[in-house]
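Nothing in this text is a laboratory measurement; each read-out follows from the coordinates by a stated rule. Computed from a prediction, not measured in an experiment: that's the story for all the values here. When we count neighbours, we look across all protein chains shown, and the Cβ atoms used for this are built from the backbone with ideal geometry, even at glycine.
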Amino acid sequence: MRILIAEDDPYSQLILRMMLEKEPGCEVVTSANGAEAWKLLETGPAFDLCILDIMMPELNGLQLAARMRDDPRFEDQPIIFCTALNDRGSVEQATQLAVSHYITKPYKRDHIIRQVHRAVAQRGDGCRIEPVAKVAERLGLDPGQIEQLLEGVQAEVEKLSAELTAAAEKFREPTTGIRLNALKGAAANLGARRLAEELSELESAQLIVTQQPGFDWGAILKRVAAETGHIRRKLAAMRPAAA
């Protein structure tokens with residue numbers, strides 16, 4: 001397991017490295033800022049996980065993560081934020097970048113190691129999106145049909161998300177729960193595993209919201225948006241380039 005740490009505080013960097021290197025087979029590479037980390041990512045060899053601080057010079061952790069998500073080489077790279085920042089804005093920005101976990105200081109080794117193994121185990125489309133060819137074989141359909149169905153689910157989820165964002169009271173309507181359940185099932189059948197998980201969490205949140213009006217479901221909605229964006233990019237990459 002090869003892990004990249006981007007942390008400008010030398011003591012926090014050392015603590016993280018020492019904790020991780022106690023794990024058998026764990027190789028740790030460190031960098032002092034986001035710019036150094038980006039160079040290491042580009043030059044390789046590949047990393048199984050990136051652990052990023054947020055407040056760093058030259059290129060902060062959020063900027064680095066955004067650059068990674070915009071690059072096809074790293075858009076599925078597991079990322080964990082380890083930071084002293086626990087404000088709502090930072091957490092929401094991290095959520096939009098589909099990070100595996102957000103850990104605030106002070107560190108607890110058992111918690112960090114557990115999240116590291118979880119993030120690495122969930123790496124890549126094998127967990128996030130099942131390959132279209134495998135879905136087609138499983139359902140007895142053509143790959144093109146699977147792509148069309150995925151596009152339809154993606155569009156419906158984005159439409160529902162926009163409606164919920166525009167009118168929060170719509171979240172409490174019974175029809176919203178019915179739509180979420182149907183989209184969750186469709187996403188699961190079509191191999192969009194992470195999207196199905198997020199829709200399931202959103203469906204559960206709807207039940208909580210009806211009983212707790214102050215419940216904050218916005219973060220879940222942002223993760224759903226991140227997944228539909230990921231599916232959109234994957235589908236676009238499958239299409240042949242225009243002549």
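Each Lys and Arg adds +1 at its Cβ and each Asp and Glu adds -1 at its Cβ; summed about the Cα centre, region 129-238 shows a dipole of about 160 debye. Rounded to two decimals, the Cα-based Rg/Rh of region 129-238, with Kirkwood Rh, is 1.01. If you run the Gaussian network model on the chain, springs between alpha carbon atoms under 10 Å, then out of Gly152, Gly34, Gly191 the most flexible one is Gly152. Taking other C-beta atoms within 10 Å as the exposure proxy, Met56, Met19, Met1 rank Met1, Met19, Met56 from fewest upward. In plain terms, the residue of Thr165, Thr176, Thr43, Thr83 with the fewest other Cβ atoms within 10 Å comes first and the most crowded comes last, giving Thr43, Thr165, Thr176, Thr83. Of the residues Leu235, Ala167, Ala155, the one whose Cα sits farthest towards the positive end of the charge dipole of region 129-238 is Leu235 (charges of +1 on Lys and Arg Cβ, -1 on Asp and Glu Cβ, taken about the Cα centre).
If you take every residue apart from Ala186 with its C-beta less than 15 Å away from the C-beta of Ala186, what net charge results, scoring Lys and Arg +1 and Asp and Glu -1?
Combined, the nearby Lys, Arg, Asp and Glu give -3.
Computed from point charges on the beta carbon alone (+1 for Lys and Arg, -1 for Asp and Glu), the dipole magnitude for region 132-188 about its Cα centre is near 240 Debye. Among all the lysines, which ones have a C-alpha under 21 Å from Lys105's C-alpha, if same-chain residues fewer than 8 places away are not counted? Output for Lys105: Lys22. Considering helices alone, the calculated mean residue ellipticity of the chain at 222 nm is -19000 deg cm²/dmol, with DSSP H runs of length four and up weighted by -39500 (n - 2.57) and normalised per residue. Using C-alpha pairs under 8 Å with a sequence gap of at least 6, the mean separation divided by the residue count of the chain gives a relative contact order of 14 percent.
If you wrap the tightest convex hull around every Cα atom of the chain and split its volume per residue, you get 153 Å³. Toward the positive end of the charge dipole of region 2-123, with +1 on the Cβ of Lys and Arg and -1 on the Cβ of Asp and Glu, the farthest Cα among Ser12, Ala121, Pro72 is that of Ala121.
Computed from point charges on the beta carbon alone (+1 for Lys and Arg, -1 for Asp and Glu), the dipole magnitude for the chain about its Cα centre is near 340 Debye.
Under 8 Å for C-alpha pairs, at least 6 residues apart: give me the relative contact order for region 2-123, rounded to a whole percent. RCO, region 2-123: 23 percent.
For a straight C-alpha distance cut-off of 25 angstrom, the lysines reachable from Lys134 (same-chain residues fewer than eight places away being disregarded) are Lys184, Lys234.
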